[in-house]
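A.B. asks: Submitted below is the structure of interest, expressed as structure tokens.
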Amino acid sequence: MNRSIQYTLSLLFVLFSSFAFSQSTATIFGRILDTDSNEPVEDVSISILGGTQSATSTNKDGEYSYTIPADTEIVIVFHSLSYSEVRRSVKVAANEKRQLNPSMKFKNTLIIVDVFDSKERNQQLTRINPILMTHIPTASQDFNAILFTLPGVSNRNELSSAYSVRGGNFDENLVYVNGIEINRPFLVRSGQQEGLSFINPDMVSSVLFSAGGFEAKYGDKMSSVLDVQYRKPTRFAGTVSGSMLGGNLELEGISKSHRFTWMIGSRYKSTKYILGKIDTKGQYKPSFIDVQGYATYDLTTNWELDVLGNFASNKYQVIPENRETDFGTLNQALRLKIYFDGQEVDKFTTMLGAVSGIYRSNDEKLNLKFIGSAFKSKESEAFDLQGQYYIADLETDFGKPNFGEEVGERGVGTFLNHARTNLTAYVYSLEHKGTYNIDRNKQILWGTKYSMEDISDKLSEWKFIDSSGYSQPTTVPYIPQEEIVLQDVVKQKINIVSNRVSGYLQGIMSRELKDTSNLSLTAGVRANYWDLNKQALFGPRATIGYKPHWKKDFLFRLSGGWYYQPPFYRELRDVEGHINYDLKAQTSIHAVLSSDYNFRAWNRPFKFIVEAYYKYLDNIIPYTVDNVRIRYSAKNNATGYATGIDLKINGDFVTGLESWASLSIMQTQEDIKGDYFYTYYNSDGDTIVPGYTANYVPVDSTRTEPGFIPRPTDQRVSFGLFFQDKMPGFPDLKMHLNLLFGSGVPFGPPGSERYKQVLRMPPYRRVDIGFSYQVLRENRKLKNEKGAGRYLKSVWLSLEVFNLLGTNNTVSYIWVEDVTSRQYAVPNYLTQRQLNLRMIVKF
């Protein structure tokens, strides 16, 4: 497999290189300064007017370098949200380097990125400022944390980067980096095992997110899209950061000819400090390492070669020792104590390599992209964990001296969990994407993709529970009496090789009406075929945008379409490890009506967004969620729906600092076909559980079909807040607040029927706060700066408080039984209040 990857990438390199032909280029470079203060202006976009060639931007020093077509009259646009736009007409000879140093006038108003970008505004897309990830306080230290406060997005585990959107699950979200689809790990059971998500925040230039109703150019999943672009460097620079949870190093540069750019980022994360405060005490040895590289090379004026590579090694090892958890109510307080033997060692190693050849025509109308990629994931779980436990009553009388102490024993037991699981997955892809600009208001997009998947999985799992009759010698006639029957036994060897073909065609147009209002239409179709289940799919999608000619800046959108999600390996496998090769794609039909309103308050810009949606779900696969592990039934035997409303307001509540608040109200339910239960009655007409004593012999029964029941992600209310403030008189001292609230989601006893899993977890409530101080910035250098200090661009120091309110948030439950065969759901709590110190240095 490794050799075939090398051959594939070599062939792609030769193929793309063969397209190159000699065309002349030129370079413009310079430094952009503020007209009034003469200070450098950062993040100014430099592009060609009316073109599709990738733009570049200025760095911290206001410097830029940009390759342009030679011997051609073009207009260079210098654009910044906070400064008045500047345009310069140039014609530069081949191989010439010309300096352009325009100055820019500050507008005295700060415009939020997603307010006036009309193209994205007409789509169901939200642009997120990646710089905010530098300051958002989060225990995961992960890029995805910036999504969790957005409307429609739910995350109930600060240790995990997984999220659900509008009633979907973790496997229903698309993630792209530079147009390349990113895969999630397969075997992760808990947030403690999760390492670093793919996206390196130090390398990001732009982020787009859609919670539904997205375009046909995005792939075949039902819930959301996260579209991330890595930047092209303009000079040598870097970032070094470190905290009590790990550290990052990012370096980037550009060649003297400005044709070759490179960027490499490495990250290390350890949650040992965080895990030291959870209920289960032990020796935790988590180690998560990630290295990424991104390089571009301008073969000619028209052809560009891009290479993206990633290697991630995540290891989670724990030797648990003991656990003590108090639970119950004020009147019935209980305590669970567990003493452990054994250990757990999990390893997740992933690799990705991608080569892209990009062609841009001289007239900037045609853009072609060819992508070849290879992905490998090697994952293993190995644990033998024995726990001996007992449940005790606690004294609940405040007046007694032994209040809160153990006063009685309810039950004792032992459990033993075993697993030896090894999975290896390969995904190879060849893809082509194209764009043709008919004129300024019309555009055609198309694409096609072929992928081959090779997945091998060896499963060996079982549980043994000796608690009040859970595990006893079997009474099955064909099994000897002395044998013990284990629970949840899974022993399988699986190998699946399959091929997928997909494609899309999409058109975009906009038109100004007679009353100067604007109407836009984006319409397209997607097609998909998978040779494993022999299913061909065809789904239309469309978005209509209307901006009326009103004094107030309103825009209305109506989006909808058919969103099919063909099954991947996780959906194919049921809880016993069996594969359903005939499993069909799940279907979600979206209807989204939305509006946004740009306005000014306190002489600062704001934006208010409201979106109402309804999703009809068909052929869906029922599943259960335990922590972050999803276990599918591998049957298309349910229909359902998700409906709700999302609201968000964002803007400069404090001058120069963007903040937002979001509120989501949602309901999602499913009806599983063929599920039912009987209610039994005795001779007195009382409801009973059938037994063998005189009054527990059923004489009558009724059959009931549960109908629609809440899906595992049915979180009715969620609220997110990201707020920034600065100290009056000390603008370099800032506060960053991250607040999340989510109402309880359904759960139930393990192994029970889905209609019984309608209990509710407590709400998720979490507040993280950070205080940051900018020690060094462009216009304020360190005193007596010498040596390496003169190369520093900025230095930030941060103090963060995780879980400021010390809330006990529940992520899942462990189920135990006492001597009366009564089951108890004992909560598994997440992390407690902790401090974190962080330092970020840019040079």
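The values are calculated or read from the model by the stated rules, or taken from the named source; none is laboratory data. Worth saying up front: this structure is predicted, and the values here are computed from it rather than measured. Quick reminder, even Gly has a Cβ in these numbers, built from the backbone with ideal geometry, and neighbours come from all protein chains shown. For accessibility, only protein heavy atoms count, side chains too; no ligands or nucleic acids. Shrake-Rupley method; radii C 1.70, N 1.55, O 1.52, S 1.80 Å.
A.B. asks: Being open to solvent by less than 40 Å² (accessible area, probe 1.4 Å) and under 30 Å from LYS734 (Cβ atoms) is true for just one of LYS615, LYS607. Which residue is that?
C.D. replies: Of the residues listed, the single one that is open to solvent by less than 40 Å² (accessible area, probe 1.4 Å) and under 30 Å from LYS734 (Cβ atoms) is LYS607.
A.B. asks: For region 430-448, name all the residues that are in a strand (DSSP E or B), of a type outside the set (Asp, Glu) and either surrounded by fewer than 19 Cβ atoms within 10 Å (Cβ to Cβ) or free of Cβ contacts under 8 Å to residues at least 12 places away in the same chain (or both). Walk me through it before giving the result.
C.D. replies: From region 430-448, those in a strand (DSSP E or B) are 430-439, 442-448; that's our starting set.
In the following step, the residues that additionally are of a type outside the set (Asp, Glu) were identified as 430, 432-438, 442-448.
Passing the criteria: LEU430, HIS432, GLY434, TYR436, ILE438, LYS442, ILE444, TRP446, THR448.
A.B. asks: Is it the case, given these coordinates, that GLY219 is open to solvent by less than 10 Å² (accessible area, probe 1.4 Å) and either over 30 Å from GLU304 (Cβ atoms) or without any contact (Cβ under 8 Å) to a residue 40 or more places away in the chain (or both)?
C.D. replies: no
A.B. asks: Whether any residue in region 370-391 is of a type outside the set (Lys, Arg), open to solvent by 40 Å² or more (accessible area, probe 1.4 Å), within 30 Å of VAL427 (Cα to Cα) and in contact with a Lys or Arg (Cβ under 7 Å, 6 or more places away or on another chain) is what I want to check. Before you say what the answer is, go through the steps one by one.
C.D. replies: Of all residues in region 370-391, those of a type outside the set (Lys, Arg) come to 370-375, 377, 379-391.
With the extra rule that they be open to solvent by 40 Å² or more (accessible area, probe 1.4 Å), the set shrinks to 370, 384, 386, 388, 390.
This time we only want the ones that are within 30 Å of VAL427 (Cα to Cα), so: 370.
Those still in the list that are in contact with a Lys or Arg (Cβ under 7 Å, 6 or more places away or on another chain) too: none.
Within region 370-391, none of the residues are of a type outside the set (Lys, Arg), open to solvent by 40 Å² or more (accessible area, probe 1.4 Å), within 30 Å of VAL427 (Cα to Cα) and in contact with a Lys or Arg (Cβ under 7 Å, 6 or more places away or on another chain).
A.B. asks: May I ask you to list the residues in region 276-295 that are open to solvent by less than 30 Å² (accessible area, probe 1.4 Å) and not in a strand (DSSP E or B)?
C.D. replies: Of everything in region 276-295, just one residue is open to solvent by less than 30 Å² (accessible area, probe 1.4 Å) and not in a strand (DSSP E or B), namely ILE278.
A.B. asks: Another question, then. Residue by residue through region 514-553, note down the ones that are in contact with a Phe, Trp or Tyr (Cβ under 9 Å, 6 or more places away or on another chain) and either open to solvent by 50 Å² or more (accessible area, probe 1.4 Å) or assigned to a loop (DSSP other than H, G, I, E, B) (or both).
C.D. replies: Matches in region 514-553: SER517, LEU519, LEU532, ASN533, ALA536, PHE538, PRO540, ILE544, TYR546, LYS547, PRO548, LYS552.
A.B. asks: Quick test of your reading of the structure: ASP652 fulfils all but one of (1) open to solvent by 20 Å² or more (accessible area, probe 1.4 Å); (2) part of a strand (DSSP E or B). Name the failing condition by number.
C.D. replies: Condition (1) is where ASP652 drops out.
Table: residues versus (1) closer than 19 Å to TYR613 by Cβ; (2) open to solvent by 20 Å² or more (accessible area, probe 1.4 Å); (3) among the hydrophobic types (A, V, I, L, M, F, W, C); (4) modelled with pLDDT of 90 or more.
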position	(1), (2), (3), (4)
LYS648	yes, no, no, yes
GLN667	yes, yes, no, yes
LYS673	no, yes, no, yes
PHE677	no, yes, yes, no
TYR681	no, yes, no, no
THR693	no, yes, no, no
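A.B. asks: Among the residues of region 222-238 satisfying the criterion of being open to solvent by 10 Å² or more (accessible area, probe 1.4 Å) and within 16 Å of the chain's Cα centre (by Cα), which is nearest to GLY561 (Cα to Cα)?
C.D. replies: ASP227
A.B. asks: Given (1) among the polar types (S, T, N, Q); (2) touching a Leu at 6+ places or on another chain (Cβ under 7 Å); (3) at pLDDT below 95, where does SER662 come up short, assuming only one miss?
C.D. replies: (3) is the only condition that SER662 fails.
A.B. asks: Does region 579-596 hold any residues that are surrounded by 17 or more Cβ atoms within 10 Å (Cβ to Cβ) and closer than 18 Å to SER664 by Cβ, and which are they?
C.D. replies: The answer is SER588, HIS590, VAL592, SER594, ASP596.
A.B. asks: On the basis of being of a type in the set (D, E, K, R), modelled with pLDDT of 75 or more and farther than 19 Å from GLY561 by Cβ, does LYS449 make the cut? Quick ask: steps written out before the conclusion?
C.D. replies: On the way: of a type in the set (D, E, K, R): yes; modelled with pLDDT of 75 or more: yes; farther than 19 Å from GLY561 by Cβ: no.
Here the answer is no, as LYS449 does not meet what is asked.
A.B. asks: Have a look at SER752, SER662 and point out the one that is among the small types (Gly, Ala, Ser), more than 25 Å from GLN834 (Cβ to Cβ) and surrounded by 14 or more Cβ atoms within 10 Å (Cβ to Cβ).
C.D. replies: After ruling out the rest, the residue left standing is SER662.
A.B. asks: Something else: Of (1) open to solvent by 50 Å² or more (accessible area, probe 1.4 Å); (2) modelled with pLDDT under 90; (3) of a type in the set (Lys, Arg), ARG760 satisfies all except one. Which?
C.D. replies: Checking ARG760 against (1) open to solvent by 50 Å² or more (accessible area, probe 1.4 Å); (2) modelled with pLDDT under 90; (3) of a type in the set (Lys, Arg), the one that fails is (2).
A.B. asks: When ASP171 is evaluated against the numbered criteria (1) open to solvent by 10 Å² or more (accessible area, probe 1.4 Å); (2) modelled with pLDDT of 80 or more; (3) under 13 Å from the mean Cα position of the chain (by Cα); (4) closer than 26 Å to TYR273 by Cβ, which criterion, by number, is the only one it fails?
C.D. replies: Among (1) open to solvent by 10 Å² or more (accessible area, probe 1.4 Å); (2) modelled with pLDDT of 80 or more; (3) under 13 Å from the mean Cα position of the chain (by Cα); (4) closer than 26 Å to TYR273 by Cβ, the lone unmet condition for ASP171 is (4).
A.B. asks: Scan region 313-327 for residues that are open to solvent by less than 60 Å² (accessible area, probe 1.4 Å) and either on the phi > 0 side of the Ramachandran plot or touching a Ser or Thr at 6+ places or on another chain (Cβ under 7 Å) (or both) and jot them down.
C.D. replies: Across region 313-327, the qualifying residues are SER313, PRO320, ARG323.
A.B. asks: If you don't mind, there's one more thing I want to ask. I need a count of the residues in region 607-641 that are in contact with an Asp or Glu (Cβ under 9 Å, 6 or more places away or on another chain) and in a strand (DSSP E or B).
C.D. replies: 17
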